[in-house]
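The values are calculated or read from the model by the stated rules, or taken from the named source; none is laboratory data. Keep in mind the model is a prediction, meaning the values are calculated, not measured. Cβ coordinates were reconstructed from backbone atoms using ideal geometry, including for glycine residues, and neighbour counts include every protein chain displayed. Ligands, DNA and RNA are excluded from the accessible area calculation, which covers all protein heavy atoms including side chains. Shrake-Rupley method; radii C 1.70, N 1.55, O 1.52, S 1.80 Å.
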Amino acid sequence: MKKLAFFDLDGTLCNGGSLQVEQEVIAAFSKLRENEVLPIIATGRSYYEVKELLAVLQTEHFILSNGCYVRFEGKTIQNAKFSQPEIEAVLTIAENNRLTAGFFNQQGFAITNLSEVVKEHAAYMGLSDVPVSANFYQTNPVNFMNLYLAAEQEEKLRDELNAVADIVRFAPLAIDVLPKNVSKGTAIQKLLDSMAGTQLETYAFGDQNNDLSMFQLVDHGIAMAQGTDELKTSASYVAQTENGVLEGLRHYGLIS
């Protein structure tokens with residue numbers, strides 16, 4: 001392979017929280033491989049959510065949980081986890097501000113309580129079953145956490161949260177809370193480091209600010225038409241149509 005292309009899922013390859021892709025996208029992934037371009041999924045989702053889609057796309061290389069879990073060429077490149085004291089520090093902030101927290105790993109997730117904000121977020125993401133277990137982290141590994149809050153409240157808590165973790169907004173009512181120095185961008189760097197000595201051109205496709213770290217690292221960042229203003233500013237190409245992935249692939253001649 002001469003080139004690598006990293007693809008976000010929600011809002012980029014997939015719309016409406018369904019994790020469904022168009023047949024044209026599946027065909028494009030096959031064409032990419034024929035053209036010596038390796039497609040790699042780079043999403044905030046975890047393995048239990050995307051394993052069926054990975055099979056449909058016939059890709060075994062992926063960056064999940066915003067960089068916490070990385071598999072490439074049959075090897076686990078990264079499996080970042082929170083320590084229990086780190087989790088409890090985030091929970092203290094959540095409790096002091098009456099926020100619901102979520103715990104996530106590659107097998108499943110749970111939230112501390114089913115608040116109205118969580119119900120609204122679940123509807124936005126197309127989730128119908130939201131397990132509640134405030135003690136989930138005591139018996140399960142936690143790659144990352146969520147806090148459910150609007151942007152205004154996030155701003156007020158930013159400094160306090162940044163003291164213990166990295167945060168990135170991925171939905172109107174939810175932020176990912178990640179172990180320090182973990183992102184899609186740092187995951188791509190680790191992946192490239194594992195291929196030391198190989199000269200590759202790199203592309204990334206995304207729509208939200210959790211894709212910024214990818215755009216800052218790759219050679220070409222392609223923002224979707226409905227992407228955030230900040231991401232578009234960092235992009236080398238901004239799609240004009242609703243099917244921004246195919247548009248971007250054709251713009252750079254990765255598919256015909």
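At-a-glance table
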| read-out | value |
| --- | --- |
| Residue in segment 86-108 that is more than 29 Å from Val25 (Cβ to Cβ), of a type outside the set (Lys, Arg) and touching a Pro at 6+ places or on another chain (Cβ under 6 Å) present | no |
| Failed item in (1) under 30 Å from Lys119 (Cα atoms); (2) open to solvent by 10 Å² or more (accessible area, probe 1.4 Å), with Ile255 passing the rest | (1) |
| Selected residue (criterion: nearest to the chain's Cα centre (by Cα)) from residues of segment 8-37 that are part of a loop (DSSP other than H, G, I, E, B) and of a type in the set (D, E, K, R) | Asp8 |
| Test: residue in segment 202-225 that is touching a Lys or Arg at 6+ places or on another chain (Cβ under 6 Å) and closer than 25 Å to Glu73 by Cβ | yes |
| When residues of segment 13-44 are limited to those that are polar (S, T, N, Q) and at pLDDT below 95, the one least open to solvent (accessible area, probe 1.4 Å) | Ser18 |
| Checklist (1) open to solvent by 70 Å² or more (accessible area, probe 1.4 Å); (2) of a type outside the set (A, V, I, L, M, F, W, C); (3) without any contact (Cβ under 8 Å) to a residue 40 or more places away in the chain; (4) under 25 Å from Asp129 (Cα atoms) applied to Tyr47, failing item | (3) |
| Condition check for Ala110: of a type outside the set (Ser, Thr, Tyr), surrounded by fewer than 20 Cβ atoms within 10 Å (Cβ to Cβ) and assigned to a strand (DSSP E or B) | yes |
| Any hit, segment 214-224, residues being part of a loop (DSSP other than H, G, I, E, B), over 23 Å from Val25 (Cα atoms) and open to solvent by less than 40 Å² (accessible area, probe 1.4 Å) | no |
